[in-house]
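One structure below.
The values are calculated or read from the model by the stated rules, or taken from the named source; none is laboratory data. None of the values given here were measured: they were computed from a predicted structure. Every residue, glycine as well, gets a Cβ built from its backbone with ideal geometry; the counts of neighbours run over all protein chains shown. These accessible areas exclude ligands, DNA and RNA; they are computed on the full protein's heavy atoms, side chains included. Shrake-Rupley method; radii C 1.70, N 1.55, O 1.52, S 1.80 Å.
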Amino acid sequence: MSNKTTQSQIKLEPEEVLFLYKNCNASIKSVVFERLKKQGHNYTKLLITKEVSKLKREYNPIIIAEIRAVLKENLDLEFNPKNN
C-alpha cells in the first residue's frame, strides 16, 4: 500500500517557502491548525510545521491556502516575489 495521498498537490517557489518559514511562528501555526480543524480537516500540527519548514517538490494546497489567509488577515503579509 502506498503512503502517497490521492489529494492534489501544489508547487511553491523556494522563495515563498522561505517567506512562510520566516513568518509562521507557533501562534500562526496554531491558528491555522484550529481553523482547519473547524473546517473538518484532520491535519496535525506537525504536518502544518512540515509544510512551512521543508523544501519539497509539492505541498498540501489546503494547508498552504490557510497559512496564506491567516498571514494576510492577521499580519497583512502576503508573498510577492518582487518584494521578497
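Mean separation of Cα pairs under 8 Å and 6+ residues apart, divided by the residue count of the chain: what relative contact order is that in percent?
Computed over the chain, the figure is 41 percent.
Can you give the accessible area per residue of the chain, in Å², using a 1.4 Å probe?
With all protein chains present, the chain gives 72 Å² per residue.
Mind running the shape call on region 35-84? Use the C-alpha gyration tensor, a ≥ b ≥ c as the square roots of the eigenvalues: rounded below 1.5 for a/c, prolate if a/b tops b/c, oblate otherwise.
oblate
Based on the alpha-carbon gyration tensor of the chain and its eigenvalue square roots a ≥ b ≥ c, which shape applies: rounded if a/c is under 1.5, prolate if not and a/b is larger than b/c, or oblate?
Oblate shape, in that a/c is at least 1.5 and b/c is the bigger or equal ratio.
In a shell of Cβ-Cβ distance under 15 Å around LYS82, excluding LYS82 itself, what net charge do Lys and Arg (+1) and Asp and Glu (-1) give? Don't jump to the answer; show the numbers that get you there.
Values: positive: none; negative: GLU13, GLU15, GLU16, GLU78.
Net of charged neighbours comes to -4.
Using the Cβ atoms and a cut-off under 11 Å, what net charge is assigned to the surroundings of ARG68, where Lys and Arg are +1 and Asp and Glu are -1?
It works out to a net charge of -3.
Round to a whole number: what % of the accessible area of the chain belongs to carbon and sulfur, probe 1.4 Å?
Within the chain, the accessible surface is 51 percent carbon and sulfur.
Quickly work out the HIS41-to-LYS11 label distance, labels modelled 7 Å from Cα along the C-beta direction, and quote it in nm with one decimal.
Result: 2.2 nm between the two label points.
Nearest 500 deg cm²/dmol is fine: what mean residue ellipticity at 222 nm does the chain get from its DSSP H runs of n ≥ 4 alone, each adding -39,500 (n - 2.57), divided by its residue count?
Values: 4 runs with 47 residues, N = 84.
Dividing the helical sum by the residues of the chain leaves -17500 deg cm²/dmol.
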